[in-house]
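For reference, the structure is listed below as structure tokens.
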Amino acid sequence: MHSAVIILICTGAVFFVRGEPVSEGDGVHPRSPRVKRAPGDTERDCTATPQYIPSTAKDTTDLLRRLREGMQSSGHFAGSIQAYIIPAGDAHLSEYISERDQRRAFISGMSGSAGTAVVTNDGSGGGKAAVWTDSRYFLQAEQQLDCNWILMRQGEEDVPTIEEWLVSELGTGGRVGVDPQLVSIKLWEALEEALTDARIRLFGVPHNLVDDVWDDRPGPSQAPVFPLGLEYTGKSWEDKISDVREKMTDENADALVLTKLDEVAWLFNLRGSDVPFNPVFFAYAIVTADTAVLYLDTNKVTDDVTSHLRLGCATGASCVQVAAYDTLLTAVEALAADSTMRKIWISSASTTYAVFSKVPESKQILDASPVMKMKSKKNSVEQQGLKNAHIRDAVAKCEYLMWLEDAVPGGSVTEISGADYLQQLRSRQRDYMGLSFPSISASGPNGAVVHYRPSAETNRAVTTSDVYLIDSGGQYKDGTTDVTRTLHFGQPTDYQRETYTLVLMGAINEFLQVFKQGTFGIRLQQAARAPLFSYGLEFGHGLGHGLGSFLNVHEDPYFRSTEGVPVGEEGTFITIEPGYYEDGQFGIRLETLAMVKEADTKYHYNGRTYLTFEPVTLVPFQEKMIKFDMLNEKQLTWLNDYHRQVRETIGPELQRQGKDDVYDWLMKNTQPFETSRITSSGAQPVASVFFIVIAVVCSIFST
């Protein structure tokens with residue numbers, strides 16, 4: 001009984017705050033009950049007469065008409081389909097996708113990275129259209145969808161799943177279509193099981209129906225692929241493939257099929273620019289005991305790539321062959337038909353159903369890719385590269401924050417102009433290759449949209465009366481960066497300072513944790529959420545994510561994970577980014593990258609190694625936003641130690657680059673805070689202490 005209670009608490013099934021149960025992701029502020037807000041200039045109101053549709057929404061009426069015509073009589077296979085599913089991803093199930101792959105965004109107008117659209121066809125030109133997305137994109141969806149679309153708010157009460165909705169809409173005997181190259185194995189199987197029970201058939205449509213109505217769909221990228229040197233990767237592609245083959249031997253796998261773009265790029269020490277913000281290129285790979293085949297647009301293979309991969313060498317374990325990108329499915333079919341190939345390893349998380357369906361179940365090894373795990377644990381060169389990249393990135397970020405303090409009171413800064421200037425500052429740093437994601441430069445209420453991206457329609461001034469959130473990052477040859485700070489350039493309200501301090505306390509609590517090797521992220525996140533919970537507040541997104549070495553800004557491990565790559569592995573990097581969002585008012589997020597390292601413990605029980613987090617992001621927190629009487633002594637000590645590390649690491653780099661004015665600003669903004677500014681124990685409710693204790697207990701039970 002006691003262990004069951006601990007498991008429920010550790011996994012976050014129910015949280016008790018001041019005696020009341022609060023479900024994770026509820027997002028209801030006790031002082032601000034959920035009410036229907038007036039649409040104003042930003043959100044649609046489909047119940048009004050006439051309907052109110054903001055200028056940020058896309059008119060999809062004609063597109064839906066044409067799509068339904070294609071569903072009715074497309075000729076792609078016998079018979080019409082009554083529903084068509086449009087996922088957000090590409091053929092590699094990527095988070096960030098190229099413009100030509102943004103089919104869900106094109107057909108609906110909703111551009112958030114997460115979400116699935118479903119369009120039904122009643123046979124007479126009509127039907128329904130719905131988009132499922134999570135709490136990060138609720139506000140964005142209301143701003144971008146017209147009234148042809150139903151917004152399905154995943155995680156909220158009484159919101160049906162896609163399968164449930166299709167069953168209720170189609171009844172028995174319906175036909176549902178989807179492009180199998182855009183659907184994960186998990187989603188296909190869940191859909192098929194639910195629909196089959198209702199006698200609805202699921203079809204893989206061999207040609208994408210959205211492409212048929214996308215008249216000006218962009219063409220494929222022509223950007224070349226380029227090698228990344230050993231001074232950045234720390235390990236040759238030959239050694240990486242050798243390590244992969246060892247893992248294959250351990251699992252009795254005769255072949256490994258890689259479909260994830262960052263895994264292919266990492267394995268072969270190659271980079272590209274086919275996907276915005278991610279230095280990857282469209283490719284697959286198949287590795288066997290004595291071959292390695294890279295499937296890509298062969299026009300992208302430069303002389304440097306030819307030399308790097310030794311493409312002219314004879315067939316053998318140390319050679320790479322290249323083949324056309326669109327021949328992958330045929331190659332997998334041939335592999336599956338080969339009697340010498342007894343087992344084929346396919347990634348359970350990143351393989352589409354189109355690839356999966358080519359391999360008979362008897363030959364499948366369905367598990368996390370070995371490359372995913374290898375890539376997440378950085379070698380010593382990658383570790384140092386990420387630290388160096390964050391030092392240079394901090395120079396740009398500190399220069400930006402100093403500039404904002406001078407420019408904002410003059411009224412000349414907007415969300416877009418601020419983000420553009422920060423990009424300029426980053427571009428002056430060595431080995432800069434571009435942004436790592438679209439900058440989230442958000443003033444006032446826009447900060448409450450978790451993945452907000454300023455546009456001409458939404459661009460607000462950064463003023464002395466609003467909270468300003470800046471979440472941004474850069475791609476450098478030696479590492480990828482992602483950092484968020486929240487600031488006020490006037491006089492913040494007491495409530496803004498209070499919520500900011502709760503978020504800061506959560507970040508500090510997380511950095512103070514010591515945990516066992518092998519601990520998964522889900523066991524470690526409650527310490528960061530505890531201060532907000534104790535005030536009856538919370539945030540609806542994950543606590544953090546892994547970061548690539550000049551690769552994707554999001555990778556394993558994740559704090560939400562219960563399997564795959566644990567956070568508790570020395571040499572992994574993960575962001576710690578608690579936040580708080582008040583709809584229509586402001587948003588607060590504090591994101592700092594951490595490296596997992598060995599903790600300096602007095603004892604080592606049974607020879608075990610214990611781990612902790614080391615800050616890698618080195619950008620100061622704004623003093624005026626902190627209510628020091630809420631901190632305890634341990635938290636204040638951590639904050640002073642962190643600012644000392646910022647001074648000692650970033651200060652010399654500023655001087656080396658001749659940025660004396662920024663150096664002076666940094667020295668001023670990292671002065672130690674006196675302990676007299678806090679109470680003897682910090683104004684933290686008992687609930688906060690409870691959750692910190694629970695975090696420790698969860699770590700104990702995690703392995």
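Close amide H pairs (under 5 Å, H built 1.01 Å from N) link Arg271 with Phe226, Leu228, residues at least 5 positions away or on another chain. Note on the range 237-265 and the range 608-625: Cα centroid distance 34 Å, given to the nearest whole angstrom.
This model, with +1 at the C-beta of Lys and Arg and -1 at the C-beta of Asp and Glu, gives the range 340-429 a dipole about its Cα centre of some 880 debye.
Among beta bridges from DSSP that stay inside the chain, the antiparallel ones total about 75%. Karplus-derived 3J(HN,Hα) values for the range 437-454, using 6.51 cos²θ - 1.76 cosθ + 1.60 with θ = phi - 60°, are 5, x, 4, 9, 9, 10, 9, x, x, 5, x, 7, 8, 4, 10, 5, 9, x Hz; glycine and proline are entered as x.
Computed from phi, the 3J(HN,Hα) profile of the range 557-568 under the Karplus parametrisation 6.51, -1.76, 1.60 (θ = phi - 60°) reads x, 10, 5, 7, 6, 10, 8, x, 9, x, 5, x Hz, with x in place of Gly and Pro.
A cut-off of 5 Å between modelled amide H atoms, ignoring neighbours fewer than 5 places along the same chain, links Thr480 with Phe550, Leu551.
Per residue of the chain, the DSSP helices (runs of n ≥ 4 H) give a summed -39500 (n - 2.57) that works out to -10000 deg cm²/dmol at 222 nm. Across the range 332-344, rounded Karplus estimates of 3J(HN,Hα) from the backbone phi angles (6.51 cos²θ - 1.76 cosθ + 1.60, θ = phi - 60°) give 5, 4, 5, 4, 5, 7, 6, 5, 7, 8, 7, 9, 10 Hz, Gly and Pro being marked x. Projected onto its three principal axes, the C-alpha set of the range 502-554 covers 38, 24, 16 Å, listed from the longest axis down. Across the range 106-166, Cα pairs under 8 Å and at least six residues apart give a relative contact order of 31 percent. Amide H contacts under 5 Å for Ile150: Ala129, Ala130, Val131, restricted to partners 5 or more places along the chain or on a different chain, H placed in the peptide plane at 1.01 Å from N. Note on the chain: with neighbouring protein chains present and a 1.4 Å probe, carbon and sulfur make up 49 percent of its accessible heavy-atom surface. Within the shell defined by Cβ-Cβ distances under 12 Å, the residues around Ile576 carry a net charge of -3, with Lys and Arg each +1 and Asp and Glu each -1. Provide the FRET efficiency to the nearest 0.05 for the Val159-Arg201 pair, computing r from the beta carbons and using R0 = 35 Å. Using R0 = 35 Å, I get an efficiency of 0.90. Entry for the range 502-598 at q = 0.14, 0.25 Å⁻¹: log10 I(q)/I(0) = -0.49, -1.35, Debye formula applied to identical alpha-carbon scatterers, no solvent contribution. Dipole orientation for the range 417-543: of the candidates Pro438, Val449, Val514, Val514 has the Cα lying most toward the positive pole (charges on Cβ; Lys, Arg +1; Asp, Glu -1).
With protein chains left intact and a 1.4 Å probe, residues in the range 348-503 average 33 Å² of accessible area per residue. Summing charges over neighbours of Arg68, with a neighbour being any other residue whose Cβ is under 12 Å away from its Cβ, gives -1 when K and R count +1 and D and E count -1. Between Asp250 and Asp583, the contour length at 0.36 nm per residue exceeds the alpha carbon distance by 114.8 nm. Ordered from highest to lowest accessible area with the whole protein assembly present and a 1.4 Å probe, Leu366, Leu151 read as Leu366, Leu151.
Here the ratio of the Cα radius of gyration of the chain to 2.2 N^0.38 Å is 0.97. Using heavy atoms of the protein chains and a probe of 1.4 Å, the accessible area assigned to Asp420 is about 80 Å². Here the dipole of the chain is about 780 debye; that uses its Cα centre as origin and unit charges on the Cβ of Lys and Arg (positive) and Asp and Glu (negative). Rolling a 1.4 Å probe across all protein chains gives His451 an accessible area of roughly 60 Å². Between Glu361 and Ser124, the distance separating the two model label sites (each 7 Å from Cα on the Cα→Cβ line) works out to 4.3 nm. Each principal axis of the Cα atoms in the range 558-657 has its own extent, and those three values, largest first, are 47, 41, 32 angstrom. Cα centroid separation, the range 405-471 to the range 94-126: 28 Å. Packing around the peptides 60-70, 220-230, taken as the average count of other Cβ atoms within 10 Å per residue, puts them in this order, highest first: 60-70, 220-230. A protection proxy built from the mean count of other Cβ atoms within 10 Å ranks the segments 618-627, 646-655, 588-597, most packed first, as 588-597, 618-627, 646-655. Using a probe of 1.4 angstrom and keeping all protein chains present, the accessible surface of the range 550-607 works out to 37 square angstrom per residue. Pairs of Cα atoms nearer than 8 Å and 6+ residues apart set the relative contact order; for the chain it is 11 percent. Spacing of the modelled spin labels on Arg644 and Gln657, each 7 Å from Cα toward Cβ, amounts to 2.5 nm. Once the C-beta distance of Ser427 and Met341 is scaled by a Förster radius of 51 Å, the resulting FRET efficiency is 0.60 to the nearest 0.05.
The values are calculated or read from the model by the stated rules, or taken from the named source; none is laboratory data. Because the structure is a prediction, the values reported are computed rather than measured. Neighbour counts are summed over all protein chains in view; Cβ atoms, including those assigned to glycine, are modelled from backbone coordinates with ideal geometry. Each accessible area value is taken on the protein alone, full model and side chains, heavy atoms only, with ligands, DNA and RNA left out. Shrake-Rupley method; radii C 1.70, N 1.55, O 1.52, S 1.80 Å.
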